[in-house]
Amino acid sequence: MQIYNPLGEFGLKNVLAAFSSRQDGNMSLCFGGTLNSLENRKKFLSAAGIDYRDLICAKQAHGKNIEYATETNKGSGALEYDSSVADTDGFISDKKNTPIAVLTADCLPVFVYDPERPAIAILHAGWRSTEKNISGEGIRAMQERFGSAPKDLLVGFGPAIRSCCFEVENDFKSNFPFGLINRDGRIFMDIALINRKQLLGCGVKEGNISDPGLCTFSENKDFFSFRKEGQAAGRLISVIMLR
């Protein structure tokens with residue numbers, strides 16, 4: 001099993017970060033075919049060094065709410081969807097062996113690590129959450145809770161629908177002042193670029209942002225895509241944990 005590490009280029013030792021692929025199976029307990037989802041989670045997370053029963057997941061709402069996760073939250077959404085943390089699109093934590101996760105099928109997963117504190121964050125940046133600047137909210141939450149300095153933060157992006165394939169309505173121009181591309185009158189959104197600029201605006205260093213450039217739509221054989229598959233789409237998991 002191949003484990004994708006979005007923070008791998010930084011050579012870190014005391015943090016685990018990983019995102020799954022289509023080959024790992026559906027990781028959602030409520031979207032797509034869920035029959036084997038728990039077994040998929042167990043197999044993937046075990047290979048990554050994480051106990052799937054400790055997982056902390058959210059009932060994602062495409063907002064900007066970010067929760068502080070501790071040991072008491074372990075297992076929230078791990079075995080059934082109803083126990084997931086409500087109305088949340090991101091987590092921050094400074095507790096060891098406390099895995100925090102988001103689930104995606106086109107939205108951008110954002111992994112954040114503060115090596116000084118140390119502390120972590122995982123963010124679910126769909127276009128609605130991006131419009132609400134969830135990346136900026138995540139950085140601010142780490143500053144307020146942990147005293148994190150943005151210049152120290154290391155950030156990794158996971159797979160998401162990219163500007164090659166993310167066509168949007170023309171009225172998106174009023175929502176996003178940058179990150180929109182006009183191709184012969186058709187508008188495409190660069191959700192990774194927008195989040196990158198939002199992070200840079202908070203003081204994160206350009207060289208501290210790692211982006212593999214993976215597109216869930218054009219690389220649908222490897223990743224789930226809601227835009228391509230509709231309601232049948234499974235979900236990828238993006239997880240990070242201090243150790």
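The values are calculated or read from the model by the stated rules, or taken from the named source; none is laboratory data. Source: prediction; values computed, not measured. Quick reminder, even Gly has a Cβ in these numbers, built from the backbone with ideal geometry, and neighbours come from all protein chains shown. Heads up: the accessible areas ignore ligands, DNA and RNA and are worked out on the full protein's heavy atoms, side chains in. Shrake-Rupley method; radii C 1.70, N 1.55, O 1.52, S 1.80 Å.
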- request: Working only within the range 183-211, note down all residues that are at pLDDT 95 or above and open to solvent by 40 Å² or more (accessible area, probe 1.4 Å).
  value: Leu193, Arg196, Lys197, Leu200, Gly201, Lys205, Glu206, Gly207, Asp211
- prompt: Out of curiosity, is Thr72 farther than 24 Å from Tyr4 by Cβ, among the β-branched types (Val, Ile, Thr), modelled with pLDDT of 95 or more and over 10 Å from the mean Cα position of the chain (by Cα)?
  reply: yes
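To keep it simple, each residue is scored yes or no on (1) farther than 30 Å from Lys221 by Cα; (2) open to solvent by 10 Å² or more (accessible area, probe 1.4 Å); (3) part of a loop (DSSP other than H, G, I, E, B); (4) out of contact with any helix residue (DSSP H, G or I) (no Cβ under 9 Å at 6 or more places or on another chain).
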| position | (1), (2), (3), (4) |
| --- | --- |
| Leu103 | no, yes, no, yes |
| Asp106 | no, yes, yes, no |
| Phe111 | no, no, no, yes |
| Arg117 | yes, yes, yes, no |
| Ile122 | no, no, no, no |
| Ser129 | no, no, no, no |
| Gly136 | yes, no, no, no |
| Arg140 | yes, yes, no, no |
| Gln143 | yes, yes, no, no |
query: Which of the residues belonging to the range 11-29 are among the hydrophobic types (A, V, I, L, M, F, W, C) and surrounded by fewer than 17 Cβ atoms within 10 Å (Cβ to Cβ)?
result: Leu12
task: With respect to Asp87, determine if the residue is surrounded by fewer than 22 Cβ atoms within 10 Å (Cβ to Cβ) and in a loop (DSSP other than H, G, I, E, B).
output: yes
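Return yes or no: is Gly230 open to solvent by 10 Å² or more (accessible area, probe 1.4 Å) and on the phi > 0 side of the Ramachandran plot? If you could, list the steps in order and put the result at the bottom.
On the way: open to solvent by 10 Å² or more (accessible area, probe 1.4 Å): yes; on the phi > 0 side of the Ramachandran plot: yes.
Taking the combined requirement at face value, the residue satisfies it.
Within the range 45-62, which residues are within 22 Å of Asp82 (Cβ to Cβ) and either in contact (Cβ under 8 Å) with a residue 60 or more places away in the chain or of a type in the set (Val, Ile, Thr) (or both)?
From the range 45-62, those within 22 Å of Asp82 (Cβ to Cβ) are 45, 50-62; that's our starting set.
Scanning the range 45-62 gives Leu45, Ile50, Leu55, Ile56, Ala58, Gln60, His62.
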- line: The condition from (1) open to solvent by 50 Å² or more (accessible area, probe 1.4 Å); (2) under 17 Å from the mean Cα position of the chain (by Cα) that Gly63 misses is numbered (1)
message: Given the criteria in contact with a strand residue (DSSP E or B) (Cβ under 9 Å, 6 or more places away or on another chain) and open to solvent by 40 Å² or more (accessible area, probe 1.4 Å), does Ala69 qualify?
response: no
